[in-house]
Structures are given as C-alpha cells and as structure tokens.
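Below: the structure, in structure tokens.
A short reminder: the numbers here are calculations on the coordinates, not readings from a lab. Predicted model, so just to flag it, every value in this text is computed and none were measured. Counting neighbours? That spans all protein chains shown, and the Cβs are built from the backbone with ideal geometry, glycine included.
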Amino acid sequence: MKTILLSSDDPNTPAVAAELIRRGELVAIPTETVYGLGANGLDEEAVAKIFLAKGRPQDNPLILHVAEGQDMEKFCHSIPENAYRLAEAFWPGPLTMVLPARDCVPRRTTGGLSTVAVRCPDNAVTRQIIRLAGVPVAAPSANLSGKPSTTTAAHVLHDHDGKIAAVVDGGSCRVGVESTIVDLTEDRPRLLRPGGITPEQLTAILGDLVVDKAVTAQIDKDAVVKAPGMKYRHYAPDSEVIIVSGSREAAARYIHRHFQPGDRVLCFEEELPLYADCVPLAYGKESDVNTLSAGLFAALRELDDPSISRVYARCPVGGGVAYAVQNRLKKAAAFHIVDGEAEE
Ligand code: TXA
Ligand code: MG
C-alpha cells in the first residue's frame, strides 16, 4: 500500500482523510498531544486494523475522538455532572474521560470493557476530519506498540509507511505527551494517566482525585488494572534507560563515574556543558517544562538505536506538566532510578 502524505494546510485534506476513514482505512491524525492512528471507532474491522498495525494487545482499549464535546452523549451513558464540568473546562484539549459505554460502541474498541474512553482533541483540522467522517475516530498513539509515541508525521511514517492509507501532517505536536486520562465510572474520580491537563487543574474542578497506582509504580503484566495500557512496557527505546536524580552537579558526577563508550546522556539544555564528553542529547529546558514534554518522545526515538547500550536520563521534579513528563520517563526507564547523591 502507498501511504499518502496529506498536508494540514491543504483545504482538501479534511474531505480526503474523512473519506478514507469512512471506507474503513487507517489514517494517522495530528492532535495537540501526539499523532493518533485513526479509524472508524464504530467499525470492528477498521478497528482491528489498528491493533494489527501497532502490534497492540487486544485487551488494550482505544480512545474515541469526537469533534464536539456534547458528542460524548452519543457513545456514553450515565454521564455524571463531573464529566460535563471537565468537558466545559478542558475540551477541546488534552483530557480523556472514561465513562460507561453505549451499546453502539464495539467491544473491540473498548478492549472488551463496558466503559469507553472519549476525548475531544484540540486540533481544528482533525476535528473537521471527524466531523466530515460522521463517526467517532478511534485512535491510539501512532507508534508501534511499546515504542515512544509519535509527535511528527515523520515519526508516523517511520513506524507505518506502506502499511496505512494516509498521514495528515500537522507539524510537531504542541503538548508532546498523551492526554490526561480520568476515570469517572466510580464513586471517586481516578487519574489513570497524567498529561497536559494537570492534577492540580483537575482537583480545582473535581475537588477530589485518586491517583491510580499504575501512575506511580511498575505494574505486573498479569495484574488487573484500570487502564490496561499502563501495565505494558511503554515509551521505551531498546536500550536500558536509567534516571539519575539529585542535584545537577551530583548527577553529573554520578554519570561521569559510570559512563561507558556506547552510553548516552538525555538531559536538560541547561546541562549540556556538563556532558560535553558524554554525547548528550537535550530534550528541552528545565526552566520551561512545556519544552520538556514537547521534546521528550522525539528524543527517546532518537535514542532508540541498537548502537546505544544505556541512556542516563535527567528528569524534572515537581507537579503540573512535570508530573506527566516524570511518568513517561519513569515508564521508559521501567522505574530504574538511581540517586546521584547517594554514592557521595
Ligand atoms: O493523547 C492521547 O490520548 C493520544 C491521542 C492520539 O489522542 N492517544 C493515546 O491513545 O494516547 P493510547 O491508545 O496510546 O492510550 C490510551 C490509553 C491506554 O493506556 C488505554 O489502556 C487507556 O487509554 N484506556 C482506553 N480506554 C479505556 C477504558 N475504557 N478504561 C480504562 N482505560 C482506558
Ligand atoms: Mg500509546
């Protein structure tokens, strides 16, 4: 199959992409978080193609993308007041809500669950594609399963060229990490995955938020978890990733003591001078966490190279968007964290 590259700037793109989706094809779409691998979320056969293209486990459910917030009512039932309040505050935007699914949503889309994840993405072209398709678009992140997510059209082509009908090129994704996921099907709202909408922003609206254990710790692959996606190794290059915590200077001393030829350093721009002899790669500025979230996956993809044995990574501290960056980097490192100050 020849994969067509469609530009977001071309006025014909929404109609062309929507028609491919209506025909049951796979189309990669840009969003403000990461690129999604989209298909008609109500068409079991189209959805099956997503699992096949990604190599994704069948029990890992997909997110349904809608063009308008109120469309959640078409695919969800028993919607609590909190869902309307979150939609009003954060949609279109990097927030996904888990709600009870209506019967029209195939179990293949929900990974067999009776709930469904819905999100209204903040990308005008993608919302127009969904509107014209006339169906909700099921879209996981467009990376091959287990690999770092895709934040440019080139990343998508790297993983799927020749295997999907089209990629809509909308440039680099602004947020750079996947949406925040909140489960609203229990008594208390539960954070399943941190993202661009921060825990602080959610708590300001909800007054209450439980953080699921899958956010903060490694989950056994056989465990029963709320977001099935959280138990799989994720976001990771093939090489071993080790997070080195502690002060800038102590971390640099630790890394220099342990660095071997073939290792790499993933750090903040401010730290580049400290690692001149360690082939450093900066993923953003420590002083601006949005640059770190926007640059993380591109950097992890660059470090996904068989010639690299270990990556020593620096991770931002604190809440807000840094919480999401920590979550992705810790998962990429399989929670292997060393304290740069401990050996001193
Ligand atoms: O930002 C995003 O959310 C991107 C863009 C493309 O929208 N999509 C994305 O999809 O990250 P994906 O498939 O890579 O991650 C979806 C996560 C998985 O961890 C999955 O287990 C969880 O959402 N999920 C989906 N449906 C669920 C449900 N009904 N209950 C609990 N978790 C669910
Ligand atoms: Mg993903």
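What is the dipole size for the chain, taken about its Cα centre, with +1 at each Lys and Arg Cβ and -1 at each Asp and Glu Cβ, in debye to the nearest 20?
740
Would you mind working out the magnitude of the charge dipole of segment 240-339 relative to its Cα centre, with +1 at each Lys and Arg C-beta and -1 at each Asp and Glu C-beta, to the nearest 20 Debye?
280
Take each of the peptides 130-138, 23-31, average the number of other beta-carbon atoms within 10 Å over its residues, and list them starting from the highest.
23-31, 130-138
Which aspartates and glutamates have a Cα less than 12 Å from the Cα of LYS2, not counting those fewer than 8 places away in the same chain?
Once the sequence-local aspartates and glutamates are set aside, what remains near LYS2 is ASP161.
Where does each of 73-85, 288-300, 53-65 land if you order them by average Cβ count within 10 Å, highest first?
Packing proxy ranking, top to bottom: 288-300, 53-65, 73-85.
Hey, what's the per residue convex hull volume over the C-alpha atoms of segment 240-339, in cubic angstrom?
85
Take the cross-link list LYS54/LYS285; LYS49/LYS74; LYS163/LYS226 and give me the ones stretching past 28 Å between alpha-carbons.
LYS54/LYS285; LYS163/LYS226
Considering only VAL279, ILE308, ALA250, whose Cα is most displaced toward the positive end of the charge dipole of segment 233-321, charges sitting on Cβ of Lys, Arg (+1) and Asp, Glu (-1)?
ALA250
Tell me the Kirkwood radius of the chain: reciprocal of the mean inverse pair distance over distinct alpha-carbon atoms, in Å.
After inverting the pairwise mean of 1/r, the radius is 20.4 Å.
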